[in-house]
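The values are calculated or read from the model by the stated rules, or taken from the named source; none is laboratory data. Every value quoted in this text rests on a predicted model; they were computed, and no experiment measured them. Quick reminder, even Gly has a Cβ in these numbers, built from the backbone with ideal geometry, and neighbours come from all protein chains shown.
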């Protein structure tokens, strides 16, 4: 809902989940407006387990901050832009050089921007879009 500015009804329909179930699962992230419709809050504290590349492979990182999850999302977009044989554009990765995210325990985790390491992981087939979220 946050990214697409969709209503609860529309987002529920698109995801195939009943609005009541959405409210039960992500209730704290929604607020009921005066007109009775639900709007998503700008940020949330829902637990997300994300995967980020490290020199030794992929690492699962739990975060409870939607802003940190957004940084990881933007980072993965930059990684895939770089690894795409059509573009090979590393400029977006430069913005993440020296950046860290904060995990659920308050520990800082560095984002890998070493192009040689990303090439190695990419050639090994470790980095794919589906790897951004941890396995259930």
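Values for this structure:
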quantity	calculated
Criterion violated by residue 20 - all others in (1) in a helix (DSSP H, G or I); (2) in the same structural domain as residue 109 (by TED's automatic domain parsing) satisfied	(2)
Matching option when the condition is modelled with pLDDT of 95 or more and closer than 20 Å to residue 3 by Cα, among 74, 130	74
Any chance residue 88 is at pLDDT 95 or above, outside any helix (DSSP H, G or I) and out of contact with any helix residue (DSSP H, G or I) (no Cβ under 6 Å at 6 or more places or on another chain)	no
Per-region count, segment 21-59, residues over 30 Å from residue 110 (Cβ atoms), surrounded by fewer than 14 Cβ atoms within 10 Å (Cβ to Cβ) and in contact with a strand residue (DSSP E or B) (Cβ under 9 Å, 6 or more places away or on another chain)	3
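Residues are listed down the side, and each one gets a yes or a no for (1) free of Cβ contacts under 8 Å to residues at least 60 places away in the same chain; (2) in the same structural domain as residue 22 (by TED's automatic domain parsing); (3) under 30 Å from residue 10 (Cβ atoms):
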site: 35; (1), (2), (3): yes, yes, yes
site: 56; (1), (2), (3): yes, no, no
site: 83; (1), (2), (3): yes, no, no
site: 89; (1), (2), (3): yes, no, no
site: 117; (1), (2), (3): no, no, no
site: 127; (1), (2), (3): no, no, no
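Results for (1) at positive phi; (2) out of contact with any helix residue (DSSP H, G or I) (no Cβ under 8 Å at 6 or more places or on another chain); (3) free of Cβ contacts under 8 Å to residues at least 24 places away in the same chain; (4) not assigned by TED's automatic domain parsing to the domain that holds residue 100, shown as yes or no for each residue.
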{"residue": "3", "(1), (2), (3), (4)": "no, yes, yes, yes"}
{"residue": "16", "(1), (2), (3), (4)": "yes, yes, yes, yes"}
{"residue": "26", "(1), (2), (3), (4)": "no, yes, yes, yes"}
{"residue": "53", "(1), (2), (3), (4)": "no, no, no, no"}
{"residue": "62", "(1), (2), (3), (4)": "no, yes, no, no"}
{"residue": "65", "(1), (2), (3), (4)": "no, yes, no, no"}
{"residue": "68", "(1), (2), (3), (4)": "no, yes, no, no"}
